[in-house]
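Working notes for the structure below.
The values are calculated or read from the model by the stated rules, or taken from the named source; none is laboratory data. Small disclaimer: the values here were computed from a predicted structure and weren't measured. Cβ atoms come from the backbone with ideal geometry, glycine included; neighbour counts cover every protein chain shown. Keep in mind that these areas ignore ligands, DNA and RNA; they rest on the heavy atoms of the full protein, side chains included. Shrake-Rupley method; radii C 1.70, N 1.55, O 1.52, S 1.80 Å.
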Amino acid sequence: MGLFIPHLPDLIWGTVAFALIAVVLITYALPRFNAVLDERTRTIEEGLALTEKAKGDQKDAELRAARIVEDARREASSLRDSAQAEAKEIVAAARTEAQAEAARIVDAAKRQIDADKQAAQISLRTDVGLLASTLAEKIVGEQLTDTALSGRVIDRFLDELDAQTTSVAAGATGESR
């Protein structure tokens, strides 16, 4: 027969052996192989389903996170705006308080200046009166013992001095204009 064609008994025995092995494999191995493949397919499908669910959950979580971040930004903006408004109120209140305090200090300083001026005028008037009395005593050559007369002389002298000072001051302001 030829080189590539086997003998008939070898062909029959080879076919019978192949058929027996095929029956045993189909009967015992194929169901187990199919079960393993089915289990693997089911596991892969479950994994894909879980992956899809996880993707959906992740998208939901991202949306929730985005909403939370946006809410936090709005709240932060609101807090920042209220803090700025409160700061402006505090600054305005402090400015008002400072202006009131400055006005009080200026008023107290004016009163102190007026009191000092009045005290200086009284002191100056007394000193000038004493000097005038001493001068009058030296001019007259006698001591002025009558205190009422001495007081009238001093007052008249001081009044004349005030009148002269007032007229000189009025003339000076008229010239400076």
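Filter the stretch 108-131 down to the residues that are within 26 Å of residue 151 (Cβ to Cβ) and small (Gly, Ala, Ser), then identify the one that is surrounded by the most Cβ atoms within 10 Å (Cβ to Cβ).
129
How many of the residues in the stretch 20-37 are open to solvent by 100 Å² or more (accessible area, probe 1.4 Å) and of a type in the set (Val, Ile, Thr)? Spell out the reasoning first.
Start the filter on the stretch 20-37 by keeping residues that are open to solvent by 100 Å² or more (accessible area, probe 1.4 Å), which leaves 20-21, 26, 28, 32-33.
Among the residues that remain, those that are also of a type in the set (Val, Ile, Thr) are: 21, 26.
The total comes to 2.
Residues in the stretch 75-84: is at least one open to solvent by less than 80 Å² (accessible area, probe 1.4 Å) and more than 31 Å from the chain's Cα centre (by Cα)? Write out each step before concluding.
So in the stretch 75-84, the residues open to solvent by less than 80 Å² (accessible area, probe 1.4 Å) come out as 76-78, 82-83.
Narrowing further to those that are more than 31 Å from the chain's Cα centre (by Cα): none.
Within the stretch 75-84, not a single residue is open to solvent by less than 80 Å² (accessible area, probe 1.4 Å) and more than 31 Å from the chain's Cα centre (by Cα).
Hey, among 15, 51, which residue is among the hydroxyl-bearing types (Ser, Thr, Tyr) and either open to solvent by 70 Å² or more (accessible area, probe 1.4 Å) or touching a Pro at 6+ places or on another chain (Cβ under 8 Å) (or both)?
15
Check whether at least one residue in the stretch 38-46 is surrounded by 10 or more Cβ atoms within 10 Å (Cβ to Cβ), modelled with pLDDT of 95 or more, among the aliphatic types (A, V, I, L, M) and assigned to a helix (DSSP H, G or I), and report yes or no.
yes
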